[in-house]
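Colleague: Below is one structure. I have some questions about it.
No value in this document is a laboratory result; all are computed from the given coordinates. Nothing here was measured: the structure is a model prediction, and the numbers come from that model. No Cβ is skipped: glycine too gets one built from the backbone with ideal geometry, and neighbour counts run over all protein chains shown.
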Amino acid sequence: MSQEARARILHHLRQRTDRALSVPTSNFRVMTPDTPTREQMLERFERCLTSVHGEVIHTPAAQWTDALRDLLQARQLKRLLLPARHAVGVEARAALADTEVEPMTYDRPIEDWQSELFEKVEVSLTSTEGGIAETGSLILWPDADQPRLMSLVPPIHIAVLDADRLYPTFQEAMQREHWATRMPTNVLLISGPSKTADIEQTLAYGVHGPRELIVLVRHP
């Protein structure tokens, strides 16, 4: 570099640093977004979930088991895996007592019934800890009554979501549900049925895991 070019560059740099600096205008809306209404969150949640082949069924909370019965009958599903102790499983079992549906529970070590779980269970039913409107995701906290495999193995997964436990963002869900004081050992965020893409970016559903995700949204 010539001395003349070097002097010209340094001259421009000195001129820039001699100018008074002003504070740039900042927009913190990403960090402090407007609080959406429940209807707006439900619309966003359903739009995001259905865009990846998920299904949403709205039902009054007092009639959610009727919606479940109708769904199982319409799909001719008979082997249902459900929780043994959670209220969702208890209520569903009672509502299906006079039907041909065979309720099953995850009450054995996986080694004792692995082939039955993978080959015979047609559909599973689980509760949720809430939903995230921003991404159309469900929050599940697996435990001994509802192990992870209940939502990962059966070809159809039905999840029950209470409308008043839908949150705008993941951060809001953690804050409102006080995760800091009761952090689970395992959390599942489910955003639609199982999907994968090959090297050519061709998206396929149900290759490994549920091919269908159906969310029963219970309204107060």
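Colleague: With labels modelled as points extended 7 Å from the Cα through the Cβ direction, what inter-label distance (nm, one decimal) is found for Gln175 paired with Ala74?
Modeller: Placing both labels 7 Å along Cα→Cβ, they lie 3.8 nm apart.
Colleague: Which of rounded, prolate or oblate describes the range 35-219 when judged by the alpha-carbon gyration tensor and an a/c cut-off of 1.5?
Modeller: Cα axes put the range 35-219 in the rounded bin.
Colleague: Report the charge-dipole magnitude of the chain in Debye, nearest 20, computed about the Cα centre from +1 at each Lys and Arg Cβ and -1 at each Asp and Glu Cβ.
Modeller: Around 1240 debye, computed over the chain.
Colleague: In addition: Where both partners of a DSSP beta bridge lie in the chain, what percent of those bridges are antiparallel, to the nearest 5?
Modeller: Taking every DSSP beta bridge with both residues in the chain, the antiparallel ones total about 25 percent.
Colleague: Right, something else. With the Cα gyration tensor of the range 124-178 giving a ≥ b ≥ c as the square roots of its eigenvalues, does the rule (a/c under 1.5 for rounded; else a/b larger than b/c for prolate; else oblate) give rounded, prolate or oblate?
Modeller: It is prolate, given that a/c is not under 1.5 and a/b is the larger ratio.
Colleague: A further question on this structure: Can you tell which of Pro147, Asn186, Ser124 lies farthest toward the positive end of the dipole of the chain, using +1 and -1 charges on the Cβ of basic and acidic side chains (Lys, Arg; Asp, Glu)?
Modeller: Value computed over the given set: Asn186.
Colleague: Per DSSP H run of at least 4 residues, take -39500 (n - 2.57); add these up for the chain, divide by its residues and hand me the 222 nm value, nearest 500 deg cm²/dmol.
Modeller: -9500 deg cm²/dmol
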